[in-house]
Amino acid sequence: MAIKITDECINCGACEPECPNTAIYEGGVEWKIADGTSVKGEYTMMNGEVTPSNAPHDPVAVDVYYISPDKCTECQGFHEEPQCAAVCPVDCCVPDEMYQETVDELLAKQAKLHG
C-alpha cells in the first residue's frame, strides 16, 4: 500500500529528501515517473494508463506535500520502514487505503522504477 500525506502536513519538507523513489513533491508541483528513477520511454501506471516517463502529471495536492502512489514503494527494497513516516514531525505520512499492494507487488514496482 502506498503512503499518503494528510492535510495535517506542516510543509516542513523533511520527508522529500528521504524518499528513495523521488515520489514526494511539494504541493502544486507537477510530477514525472522519470524523476529520480531509471525509467525511460513509456511506463504503465497503476491505473493501466501508459505514459511517457518524462511526461508531467498534475499534482496530487496543491497546499501540502504529496506522494505519487505510482512511485511509492513504502521504501521496500531500500529500507526497513517508510522513511517519510520515520522523519515526519507531525505523523502525517500514513498508509493510503486506496492503494492496497503486497510486499511482492511493492518490490516489483521498485524493480520497475530502478531497473
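Worth a mention:
- Point-charge dipole on Cβ atoms (K/R +1, D/E -1) for segment 59-114, about Cα centre, debye to 20: 260 debye
- Degrees separating the helix 103-114 axis from the principal Cα axis of the chain, which is the longest one: 70 degrees
- Amide H contacts of residue 43 (H built 1.01 Å from N, in plane; Pro and chain starts excluded): 51, 53 sit under 5 Å, all sequence-distant by 5 or more or on other chains.
- The charge dipole of segment 1-114, taken about the Cα centre with unit charges on the Cβ atoms of Lys, Arg (+1) and Asp, Glu (-1), comes to about 440 debye, rounded to the nearest 20.
- Here the Karplus curve 6.51 cos²θ - 1.76 cosθ + 1.60, taken at θ = phi - 60°, turns the phi angles of segment 37-52 into couplings of 10, 9, 5, 10, x, 7, 9, 8, 7, 4, 7, x, 5, 9, 9, x Hz, with x standing for Gly and Pro.
- Amide hydrogen neighbours beyond the local backbone of residue 3, cut-off 5 Å, H modeled: 74, 96
- Between residue 81 and residue 38, the C-beta separation translates, for a Förster distance of 30 Å, into a calculated FRET efficiency of about 0.80.
- Extension gain, residue 46 back to residue 29 (0.36 nm per residue minus Cα-Cα distance, nm): 4.1 nm
Throughout, read-outs are computed from the coordinates displayed, never taken from laboratory work. Please read all numbers here as calculations on a predicted model, not as lab measurements. A quick note on method: Cβ atoms are made from the backbone with ideal geometry, for glycine too, and the neighbour counts reach across all protein chains shown.
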